[in-house]
Amino acid sequence: NRAELMSLLRTSLEPGASDIEVVLAVIDDQGESAIARIVGDYAFVVWDPRAQKVLAVRDAFGVKPLFVREASDVVLFSSAVAPLQSSERLDAEFVADFLVGAHGQTERTLWSDVRAVPAAHYARQQGTVRSLRRHWDPAQIQPAALSDAEAVEQFRSLFEEAVASRIEPGVTWAQLSGGVDSSSVVVTAASQGPGTLAGTLTIVDSMGDGDERRYSDAVVARWGLRNEQLSDFWPWQYDGSEAPLTDQPSPLYPFYARDRRVHQLVRNEGARVVLSGFGADHYLAPTLDYITDLAAQGKAATAVRELTEWSVTLRQSFWALSRRQLVEPFLPARMRSGTALFDVPAWVKPSFAERYRMKQRAQYNDGYLGR
């Protein structure tokens with residue numbers, strides 16, 4: 001939102017000023033309250049000599065990384081962990097969370113002496129005093145009172161605006177799985193005119209029911225798009241190079257060969273932007289707690305019907321799910337097993353599992369360790 005930020009300035013900038021120069025000028029002119037007005041993917045550190053303070057700012061969704069470490073009387077910031085790491089001591093709490101799939105946005109990193117600036121926050125250091133402040137909070141956004149038709153139209157308008165703001169014609173590619181999210185991004189971009197998208201990229205998994213090319217091919221054919229397909233990469237695949245050394249673990253790390261091939265492809269094609277769908281199957285966790293709510297509201301028949309459908313879909317015992325969703329939540333706390341449906345795998349040391357409460361952590365990520 002470069003134009004919006006520049007409209008806040010009381011003085012003009014030189015023509016051709018970079019984005020970071022615009023951001024610096026706005027913060028210098030308006031103070032740190034202007035941080036909440038910045039839209040985009042970013043991580044930056046600003047030194048304010050007048051107030052003798054440092055602001056280390058990270059974007060709303062944590063797309064860009066930003067890390068911090070205190071060393072005696074010095075505070076260090078970096079966009080990577082490796083330059084800050086001073087010891088081989090792991091953060092065991094981070095490891096325990098990661099192993100059960102709870103690897104969301106936190107201050108913790110793999111290393112005990114390095115912390116992350118969380119998404120939608122900025123670290124404020126003034127002298128010896130540091131505070132962590134939130135600059136964006138979705139919980140503070142009050143939904144407008146709209147009809148269904150109005151809500152659909154507003155979403156469509158915002159979605160089109162969001163996609164358009166990311167496009168650089170001729171150098172923009174897009175991932176296309178065939179799902180609703182990525183297909184919507186691709187169609188919205190392509191509808192802006194020929195040549196808007198330089199190409200699309202599809203990761204193909206032809207095993208079992210994983211091949212979704214019938215959906216992605218339909219989008220490609222409809223809009224006459226170039227489509228590059230990378231087929232059947234498997235975990236820990238050797239591609240002629242050793243596994244990369246990363247400074248943070250990732251659930252998809254075993255697919256490094258596939259990621260390197262994607263990177264090589266889009267770089268060789270001169271891509272500067274790669275659009276990607278991040279849809280409901282990612283950010284809406286598959287919790288069944290709404291079934292418990294139905295039972296609590298006296299809608300037992302509906303709850304049982306929903307549970308039956310889920311047991312078929314998940315291929316899990318109806319009785320085991322019933323115990324977890326319809327029985328245990330209504331028992332006194334002392335009678336709840338809480339972790340009856342989860343066993344810590346043998347490859348996790350029992351002493352570690354007990355000390356860091358692996359069963360309790362896993363209640364909200366059931367099945368992750370088994371995969």
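Structure values in brief
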item	result
Neighbour count of at most 10 Cβ within 10 Å plus DSSP loop: longest GluC sites (Glu not before Pro)-free window in the chain	89-241
Between the range 29-87 and the range 301-333, the alpha-carbon center distance in angstrom	46 Å
Per-residue HN-Hα couplings for the range 188-204 [Karplus 6.51, -1.76, 1.60; θ = phi - 60°; Hz; x = Gly/Pro]	5, 5, 5, 5, 7, x, x, x, 4, 9, 6, x, 10, 10, 10, 8, 9
Mean accessible surface per residue for the chain, computed with a 1.4 Å probe while every protein chain stays in place, in Å²	62 Å²
Residue-count net charge about residue 108 - beta-carbon cut-off 11 Å; Lys, Arg +1, Asp, Glu -1	-3
The range 226-321: trypsin sites (Lys or Arg not before Pro) in DSSP coil with no more than 12 other Cβ atoms inside 10 Å	226, 272, 315
Mean separation of Cα contacts under 8 Å, 6 or more apart, over the residue count of the chain: relative contact order %	12 percent
Accessible carbon and sulfur surface of the chain relative to its total accessible area, %, 1.4 Å	54 percent
From the coordinates shown, P(r) over Cα pairs in 10 Å bins from 0, in percent corresponds to which of [x] 5, 21, 26, 22, 15, 8, 3, 1, 0; [y] 4, 15, 13, 7, 9, 12, 13, 9, 6, 6, 5, 2, 0, 0; [z] 4, 16, 24, 28, 20, 7, 1	[z]
The range 121-271, relative contact order in percent, only Cα pairs under 8 angstrom and at least six apart counted	17 percent
5 angstrom amide H check on residue 80, placed H, neighbours 5+ away	67
For the range 145-210: rounded, prolate or oblate by the Cα gyration tensor [a/c cutoff 1.5]	oblate
Fully extended contour minus Cα-Cα distance, from residue 309 to residue 19, at 0.36 nm per residue	99.3 nm
Integer Hz, Karplus 6.51/-1.76/1.60 couplings in order for the range 137-145, x for Gly and Pro	9, x, 5, 8, 8, 8, x, 6, 7
Nearby lysines by direct alpha-carbon distance to residue 359 (threshold 29 angstrom, same-chain neighbours under 8 apart not counted)	349
Net charge of Cβ neighbours under 13 Å - reference residue 303; Lys, Arg +1; Asp, Glu -1	-1
Formal net charge of residues neighbouring residue 11 (Cβ-Cβ distance under 14 Å; K, R +1; D, E -1)	-3
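The values are calculated or read from the model by the stated rules, or taken from the named source; none is laboratory data. Since the model is a prediction, treat every value here as computed from it, not as a measurement. Cβ sites come from the backbone with ideal geometry, for glycine too, and all protein chains shown count toward neighbours. Remember, those area values only see protein heavy atoms, side chains included, never the ligands or the DNA or RNA. Shrake-Rupley method; radii C 1.70, N 1.55, O 1.52, S 1.80 Å.
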